[in-house]
1. Given the options GLY65, GLY55, GLY42, which has the most mean-square fluctuation in a GNM of the chain, springs set between C-alpha atoms less than 10 angstrom apart?
2. Just to confirm the filter: which trypsin sites (Lys or Arg not before Pro) across segment 14-113 are DSSP coil and have at most 13 other Cβ within 10 angstrom of their Cβ?
3. Using θ = phi - 60° and the Karplus form 6.51 cos²θ - 1.76 cosθ + 1.60, what ³J(HN,Hα) does each residue of segment 75-90 get, whole Hz, x for Gly and Pro?
4. Just the number, please: Stokes-Einstein D of segment 67-113 in µm²/s, Kirkwood Rh from C-alpha pairs, 4 °C, 1.567 mPa s.
5. Scaled to the compact-protein estimate 2.2 N^0.38 Å, what is the alpha-carbon radius of gyration of the chain, rounded to two decimal places?
Amino acid sequence: QVQLVESGGGLVQPGGSLRLSCTALGNIFSISVMGWYRQAPGKQRELVALINSGGTTTYRDSMKGRFTISRDNAKNMVYLQMNSLKPEDTAVYYCHLLPGGYWGKGTLVTVSS
């Protein structure tokens, strides 16, 4: 069984920054892709960013230049550095892992003055 534990969410003012972290715990033999999704109130869950084991990244267009995903393969961790945050970035951010399709419980990010 694999458990994903996110941390780093909170309240930040517009223009501010946050760094999210996710740790993968459990019987992990190989991790192909780790990433972040988010779900705002009343909206569907959407992709934020993905990173594969080789370090290749994929971003949602609206995040390019503001968000940076990275990972530490030795620690089974993935990070999301979020800069220039906007109120529309307010959402619950979920960590995701493949293979297996595992999800974390999410961490709330609120961008508000």
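Throughout, read-outs are computed from the coordinates displayed, never taken from laboratory work. This one's a predicted model, so the numbers in the text were calculated from it and none came from an experiment. For neighbour counting, all protein chains shown are included, and Cβ atoms are generated from backbone atoms with ideal geometry for every residue, glycine included.
1. The residue with the greatest mean-square fluctuation here is GLY42.
2. On the way: sites: ARG19, ARG38, LYS43, ARG45, ARG60, LYS64, ARG66, ARG71, LYS75, LYS105; in loops: LYS43, ARG45, ARG60, LYS64, ARG66, LYS75, LYS105.
Counting only loop positions with at most 13 other Cβ atoms within 10 Å, the trypsin sites (Lys or Arg not before Pro) in segment 14-113 are LYS43, LYS64, LYS75, LYS105.
3. Result, rounded to whole Hz: 9, 6, 10, 10, 10, 9, 8, 10, 10, 6, 5, 10, x, 6, 7, 4.
4. Numbers: Rh = 12.2 Å.
After rounding, the answer is 106 µm²/s.
5. Values: Rg = 13.3 Å, N = 113, 2.2 N^0.38 = 13.3 Å.
It is 1.00.
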